[in-house]
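The values are calculated or read from the model by the stated rules, or taken from the named source; none is laboratory data. These numbers come from a predicted model, not from an experiment. Glycine also receives a Cβ, built like all others from the backbone with ideal geometry; neighbour counts cover every protein chain displayed.
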Amino acid sequence: MKSEFAERRILLTLLDFGNLLIVLLNFTLIFLTSKFGVLNILLYATSVLMFALTRHSIAEGLLFAMFYPFSTILLVRTKEAEIEDYFSVPIPEQKDVKFEDSIINSLPIKALLVVGSVNEKKLIAKNLAKFVIHGIRIEENMKYLETLLRDPHLDVVLYASQAMEDIENYFEEKIARLRNTRSSEFCLSLYYYLRTGIPKGLLRQRLEEILLNNLKNSCPKTWQYYEMMFYLTKDEEYLLSGYKKFGHLWMLRRYILEKIRKREYESVRELIRTCRELSEKDLRKFLSEND
């Protein structure tokens with residue numbers, strides 16, 4: 001009789017210990033995920049059932065089932081409060097926040113695309129069109145305009161659409177006006193227009209052919225010539241030639257990156273050996289700009 005009682009006590013102790021492990025596992029999952037999901041519900045039900053079986057008391061089981069969720073809810077709320085406190089930043093009321101054009105231009109555009117007001121985003125759309133027309137970070141600014149086209153506010157979408165239309169009209173009119181000049185300005189206009197990604201399909205192919213023919217036949221070999229030839233042909237040797245002729249270090253850096261991308265490491269080693277022959281002044285400038 002005593003041995004059966006001892007075995008029963010051991011069994012109950014093991015069940016209580018197992019139940020404790022289930023509770024701790026449930027708390028750990030809640031703490032890590034900050035939510036009460038399906039797995040947590042299953043663990044909760046298992047724990048309540050085991051508690052009721054070991055105590056042989058429905059009343060104690062009900063009490064356990066009632067107080068268990070309160071502890072988990074408290075844990076979730078505490079975790080959420082810690083996260084909110086960690087990331088909390090005092091934000092003034094929107095009516096008190098007013099930006100001038102100069103301030104808008106100095107703020108990160110990526111941030112304003114997310115948290116900016118409708119008026120701020122409309123101003124961004126205008127400025128992005130100006131940047132693209134002047135050849136400033138064309139691909140990046142076009143992506144920003146595409147983001148504004150998906151904005152939930154209709155006014156912002158209209159301004160972004162108008163900016164896209166302004167960019168397209170500007171380049172088409174300028175290219176048409178300069179088509180007979182075959183000048184470097186004509187080549188640059190074609191180049192910037194192609195980089196916007198607006199021309200598609202056969203039109204894009206035709207414009208690339210026109211630009212390539214003009215670069216080979218009539219456009220002067222300025223540093224932009226080597227940049228445009230690399231864009232059209234994907235031949236990084238144009239970058240190296242442009243660097244040797246004009247000394248623009250960004251061309252050398254881009255050339256090295258292209259060689260690394262193609263895994264032509266021996267060419268990179270040879271170039272580095274050549275770079276050692278640069279004067280001390282040029283080498284120091286190259287390293288400082290490459291930091």
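Of the numbered criteria (1) buried (at least 19 other Cβ atoms within 10 Å of the Cβ); (2) within 30 Å of G116 (Cβ to Cβ), the one C187 fails is (2). Considering the conditions (1) under 24 Å from L211 (Cβ atoms); (2) among the hydroxyl-bearing types (S, T, Y); (3) in contact with a Leu (Cβ under 9 Å, 6 or more places away or on another chain), Y170 is excluded by exactly one of them, (3). The set of residues from region 232-249 being of a type in the set (F, W, Y) and surrounded by fewer than 16 Cβ atoms within 10 Å (Cβ to Cβ) comprises just one member, F246. Applying the set (1) at pLDDT 90 or above; (2) more than 24 Å from E185 (Cβ to Cβ); (3) not small (G, A, S) to R137 leaves exactly one unmet item: (2). Scanning region 186-220 for residues that are closer than 23 Å to K130 by Cβ, in contact with a Lys or Arg (Cβ under 8 Å, 6 or more places away or on another chain) and not aromatic (F, W, Y) turns up S189, L194. In region 196-206, the qualifying residues are those that are surrounded by fewer than 16 Cβ atoms within 10 Å (Cβ to Cβ) and within 19 Å of E227 (Cβ to Cβ), and the one that is nearest to the chain's Cα centre (by Cα) is G197. Remark: pairs (first residue in region 114-127, under 11 Å from V156 (Cβ atoms) and charged (D, E, K, R); second residue loosely packed, with under 15 Cβ neighbours inside 10 Å and at pLDDT 90 or above; Cβ separation under 7 Å; 6+ apart in sequence or on different chains) = K122/D155.
The rows are residues; the columns are (1) farther than 19 Å from E168 by Cα; (2) touching a residue at least 12 places away in the same chain (Cβ under 8 Å).
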{"position": "C187", "(1), (2)": "no, yes"}
{"position": "Y193", "(1), (2)": "no, yes"}
{"position": "K200", "(1), (2)": "no, no"}
{"position": "L211", "(1), (2)": "no, yes"}
{"position": "K216", "(1), (2)": "yes, no"}
{"position": "Y231", "(1), (2)": "yes, yes"}
{"position": "K244", "(1), (2)": "yes, no"}
{"position": "R254", "(1), (2)": "yes, yes"}
{"position": "R261", "(1), (2)": "yes, no"}
